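The values are calculated or read from the model by the stated rules, or taken from the named source; none is laboratory data. Nothing here was measured: the structure is a model prediction, and the numbers come from that model. In this analysis, Cβ positions are derived from the backbone assuming ideal geometry, glycine residues included, and neighbour counts consider all displayed protein chains.
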Amino acid sequence: MISSAQAFEGAHEAITGKQYHDVPCDIAIERNGALYTVTFSTPEGLGGASRPKPTRVIVDAMSGAVRDVRDASHPEGNPRLAGMISGKRALEAAVAAVKEYGVTYDERWTTTVRMVGDKYQVTFPVPEEERVASRRSPYAHQVWVDVRTGKVVGGRASS
């Protein structure tokens, strides 16, 4: 079985040259049985009434093969996005931070990247054995990444 990070990489590669490739966006990586669904969408407040539909990439959880790309379209220029890092870069910075600090999370479960104001909020899931055994937060760790610089500006572990 591949990890959520591997599913993300396959999905991101599958949308090369399309709307959400390397632009500021929210990312949700969800596993449902033998499939990952990686959803790329416009952050709240940036799309307005003309907010484009999300792009969903379906990735096989066993092989890592991309099965389907849905709602993909050509990129549109949006001056409000200028100077912002992509959701991919925010996710990479957050993964590097949790690895540096030795945080454990369930790589096979739902990881989300959301733009909140001037930061990306990256949420990592609780390991499955801890999720089942206790009444913990729904996340293992959250990391905030500055939307302009790509630097980790904060983090929080669940209790």
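Any residue in the range 104-128 that is within 25 Å of residue 85 (Cβ to Cβ) and in contact (Cβ under 8 Å) with a residue 60 or more places away in the chain sitting within a Cβ distance under 6 Å of a residue that is of a type outside the set (Gly, Ala, Ser) and assigned to a helix (DSSP H, G or I)? List the pairs, counting only those 6 or more apart or interchain.
Note: pairs meeting the criteria are 113/91.
Looking only at the range 1-54, filter to residues that are hydrophobic (A, V, I, L, M, F, W, C), part of a loop (DSSP other than H, G, I, E, B) and modelled with pLDDT of 85 or more; which one of those is surrounded by the fewest Cβ atoms within 10 Å (Cβ to Cβ)?
Looking at the filtered set, the residue picked out is 34.
Does residue 76 count as modelled with pLDDT under 85, outside any strand (DSSP E or B) and outside the structural domain of residue 39 (by TED's automatic domain parsing)?
Answer is no for this residue.
Would you be able to say whether some residue in the range 57-65 is farther than 16 Å from residue 121 by Cβ, at pLDDT below 80 and buried (at least 16 other Cβ atoms within 10 Å of the Cβ)?
No, the range 57-65 contains no residue that is farther than 16 Å from residue 121 by Cβ, at pLDDT below 80 and buried (at least 16 other Cβ atoms within 10 Å of the Cβ).
Keeping to the range 97-143, report how many residues are farther than 24 Å from residue 56 by Cα, at pLDDT 80 or above and in a strand (DSSP E or B).
Adding up the residues that qualify gives 1.
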